[in-house]
1. Among DSSP bridges having both ends in the chain, what percentage is antiparallel? Round to the nearest 5.
2. More than 17 Å apart: what percent of Cα pairs in segment 1-127 qualify?
3. Given R₀ = 22 Å, what would the calculated FRET efficiency be for VAL75 paired with VAL125, taking r from the Cβ atoms and rounding to 0.05?
4. Divide by every residue of the chain the summed helix terms, -39500 (n - 2.57) for each DSSP H run of at least 4, and state the resulting mean residue ellipticity at 222 nm, rounded to the nearest 500 deg cm²/dmol.
5. If I model a spin label as a point 7 Å beyond the Cα along the Cα-Cβ vector, how far apart are those points for THR58 and LYS3 in nm?
6. Please report the carbon-and-sulfur percent of the accessible area for the chain; probe 1.4 Å, protein heavy atoms only, DNA, RNA and ligands left out.
7. Positive end of the charge dipole of segment 25-89 (Lys, Arg +1 and Asp, Glu -1 on Cβ, about the Cα centre): tell me which of GLY70, SER46, TYR80 has its Cα farthest that way.
8. Determine the gain in length on full extension of the stretch LYS101-VAL14; use 0.36 nm per residue of separation and subtract their C-alpha separation, reporting nm with one decimal.
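The values are calculated or read from the model by the stated rules, or taken from the named source; none is laboratory data. In this text the structure is predicted, and so the values were computed from the model without any measurement. Note that we place each Cβ from the backbone using ideal geometry, even for glycine, and neighbour counts take in every protein chain shown. These accessible areas exclude ligands, DNA and RNA; they are computed on the full protein's heavy atoms, side chains included. Shrake-Rupley method; radii C 1.70, N 1.55, O 1.52, S 1.80 Å.
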Amino acid sequence: ERKIVDWVTATDPVNDGDGTWLRMSQTVTGPTFTVGGKTYSAPAGSYRFATFAEAATTGGDMAGDLNRDGDTTDVWGVLYDPVKGTVRVDLTENADFSDDKALKPYKDKFQVAYFGEDDPRTKVVERIPFVVETRKNV
C-alpha cells in the first residue's frame, strides 16, 4: 500500500508570506516568450509564469541551497498550465521547458521531481525531492 497519498503545504499562499508559494499571475504564450530579459522555450500554448528562488528556503533544512551546489542564488522558471493543471520547473536552468516533466499535484499522479543531481559515489544524497501543489482562484 502507498504510505503517502497526498502532500499539502499548511501555510496560506496569500497571508503567510511563504516564499515557496508562487503567484502565477504573469500570462505567457509559447513556443517562446521573454520575461526579465530572458527568453524561454515552451510547448505551444498559453501559460502562467513565475520564478522560484531557492533563497526563499533559507530558514529551512537546506538553508536555501536546494540543489546543493554550494550557493543560494539559483532561480528556476516555473510554468503553470491552468487548463491541464500541470506545472513545469526549469530544473536544468536552460530556459527550455520542453525538456522538463509536466507535474500534477502529488495526490493526482504521485509525481516527485528533484532539485540537483545525486552523486551515487557519495553516502549523502545530493538531490532534494519536491512535489507541486496548485490552488485555483488564489
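1. Numbers: 23 of 24 bridges.
Percent antiparallel among DSSP bridges in the chain is about 95.
2. 64
3. Details: r = 23 Å, r/R0 = 1.04.
The formula returns an efficiency of 0.45 here.
4. Numbers: 1 runs with 4 residues, N = 138.
Taking each H run of at least 4 residues, the total per residue is -500 deg cm²/dmol.
5. Here the modelled spin labels are 3.4 nm apart.
6. Working: 4260 of 8610 Å².
The value for the chain is 49 percent carbon and sulfur by accessible area.
7. Most positive-ward Cα: SER46.
8. Details: separation 87, 0.36 × 87 = 31.32 nm, distance 2.69 nm.
Going from the current span to full extension adds 28.6 nm.
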